[in-house]
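The values are calculated or read from the model by the stated rules, or taken from the named source; none is laboratory data. Please read all numbers here as calculations on a predicted model, not as lab measurements. Here the Cβ positions follow ideal geometry from the backbone for every residue, glycine too, while neighbour counts run over all protein chains shown. With ligands, DNA and RNA removed, areas are computed over all heavy atoms of the protein, side chains included. Shrake-Rupley method; radii C 1.70, N 1.55, O 1.52, S 1.80 Å.
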Amino acid sequence: MIKPNLHLETLAIHAGQQPDPTTGAVMPPIVLSTTFAQDGPGNHKGFEYTRSDNPNRRSLEACIAALEGGEHGLAFSSGCAAIATVMQLLQPGDHVVACDDVYGGTRRLFDRVYAPLGLSITWADLQSPAALREHMRKNTRLVWLETPTNPMLKLLDIRALSQICAETRTMLAVDNTFATPMLQRPLDLGATLVVHSMTKYLNGHSDVLGGVVVTSDSDLAQRLRFFQNAVGAVPSPFDCFMVLRGLKTLPVRMSQHCASARQIAQWLSEQSAIERVIYPGLSSHPQHQLATRQMRDFGGIISFELKGGGQAADHLLKSVRIFTCAESLGGVESLIELPSVMTHASVPLQARQDLGITEGLVRISVGLENSEDLRDDLASGLIS
Ligand SMILES: *Cc1c(COP(=O)(O)O)cnc(C)c1O
């Protein structure tokens, strides 16, 4: 078994997997069988039924857990299924504090699925960690963070917030989809749970939907394992194989995403058609200091506001030829989108305005194409 203290580049390729003992296959074969023969009742080789456990899923879970520096990984059929499973840990009457600038699907799940079941949710701006204290109640069981947030790329101080949670033994969950363990490891900073949409950078090729939860708390892991099997929102063996394959290049992909995004963010900030560029790696980002402290690099997502508002944004999105106008992020291909009309259309207008999601706000996911080609593509669609 591979040692957990190796570097992330090595773990990404080897953790959770070894050549198949029966054939020597270097890549773990895809085990599609839904059921596993038992020598006698209850006497099996570790697998009984694929909803409960499957060799490909076990490899994937072990690999991501190693990358996040956690003891236990649990994979799901989507990021939303992973988030919903964390929410199963709560009871009616429990209170959740969640940062106000989360993935739209997380907001929908909390407000429209879990609040009606008896949970109360407070949406809060937690950029100043002390603000968390004001929102904590006696029955607060979970604090939910995303950092950097989507699409405003606000940063939250995981270590400072985790210290406040520790005082009252409140669980802290961090959605680490944007940063990935290559740039930030929330468990090292005091989080109880890390959640990912594997659909984004972890798989990295925009061809698998998946989610994962990682924790080092064995008690929580056991309860999550129960829900994973009881609810059954598990990924297929093929999807697990695909994400495991994607993970092998996560370290090199992330360093290129970051390098290109840094160049493009700098260039965008020099364009007269642009009002402001939001990227944690720019010194103009209000939390650049925190980003430097908390993250190893600044990621591949950039948001920017066009001076010409919605009309200029519409023109840009229709002009680009390499960037594809589409939702989602984190794939090898560059994507461009308009949060107010696309990913964040379901956020109530007032909340959207409070967050700064205007009609001229554009979000890009910088892919792995040549960065000069990407820059020229954007230049072709900028109008003042
Ligand atoms: C996409 C996304 C999710 C949801 O994941 P799915 O795989 O689409 O269910 C959750 N959080 C963040 C930050 C995301 O970007």
Note to self: If a paramagnetic tag sat 7 Å from the Cα of Gln91 along the Cα-Cβ line, which residues of segment 138-158 would have the backbone N under 17 Å from that point?
What the structure shows: 138-142
Note to self: Give me the one-decimal nm value for the distance between modelled label points at Ala379 and Asp354, 7 Å along each residue's Cα-to-Cβ direction.
What the structure shows: 4.1
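Could you sort the peptides 355-367, 39-51 by per-residue average Cβ neighbour count (10 Å cutoff), highest mean leading? If you can, show how the numbers build up before the last one.
Details: 355-367: 22.2, 39-51: 11.1.
The packing order, highest mean first, is 355-367, 39-51.
Expressed in nm to one decimal, what extension gain is obtained for the pair Glu270 and Gln163 from 0.36 nm per residue of sequence separation less their Cα-Cα distance?
Between Glu270 and Gln163, full extension yields 34.6 nm more.
What whole-number volume per residue, in cubic angstrom, does the convex hull of the C-alpha atoms of the chain give?
Working: hull volume 52.5 nm³, N = 384.
Spelled out: Cα convex hull of the chain, divided by residues, is 137 Å³.
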Notebook entry, point to check: Helix 218-231: angle to the longest alpha-carbon principal axis of the chain, degrees 0 to 90, nearest 10?
Noted result: 90
Notebook entry, point to check: When the accessible area of the chain is computed with all protein chains present and a 1.4 Å probe, what percentage of it is carbon and sulfur?
Noted result: 52
Margin query: Run through segment 229-311 and list the GluC sites (Glu not before Pro) located in a DSSP loop whose Cβ has at most 13 other Cβ atoms within 10 Å.
Written below: Glu270
Check: Hey, what angle do you get for helix 158-167 against the long axis of the chain, alpha-carbon based, 0 to 90 degrees rounded to 10?
Finding: 60
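Set the bar at 27 Å for Cα to Cα. Now go through Lys138/Lys200; Lys154/Lys248; Lys154/Lys200 and name every pair that lies beyond it. Intermediate results must be reported in sequence, preceding the final value.
Values: Lys138/Lys200 36 Å; Lys154/Lys248 29 Å; Lys154/Lys200 19 Å.
From the list (Lys138/Lys200; Lys154/Lys248; Lys154/Lys200), the Cα-Cα distance tops 27 Å for Lys138/Lys200; Lys154/Lys248.
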Checklist line | Asn139 versus Arg108: modelled label distance in nm, points set 7 Å from Cα along the beta carbon direction | finding: 2.7
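Just the Kirkwood number for segment 239-384, please: inverse of mean 1/r across all distinct Cα pairs, in Å, one decimal. Write down the numbers at each step before the final one.
Details: mean 1/r = 0.0632 Å⁻¹.
For segment 239-384, inverting the mean 1/r across all distinct Cα pairs yields 15.8 Å.
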Notebook entry, point to check: Hey, what angle do you get for helix 237-247 against the long axis of the chain, alpha-carbon based, 0 to 90 degrees rounded to 10?
Noted result: 50
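Please give the peptides 55-62, 8-15, 175-182 ranked by average Cβ packing (other Cβ atoms within 10 Å per residue), highest first, as a rough proxy for protection.
175-182, 55-62, 8-15
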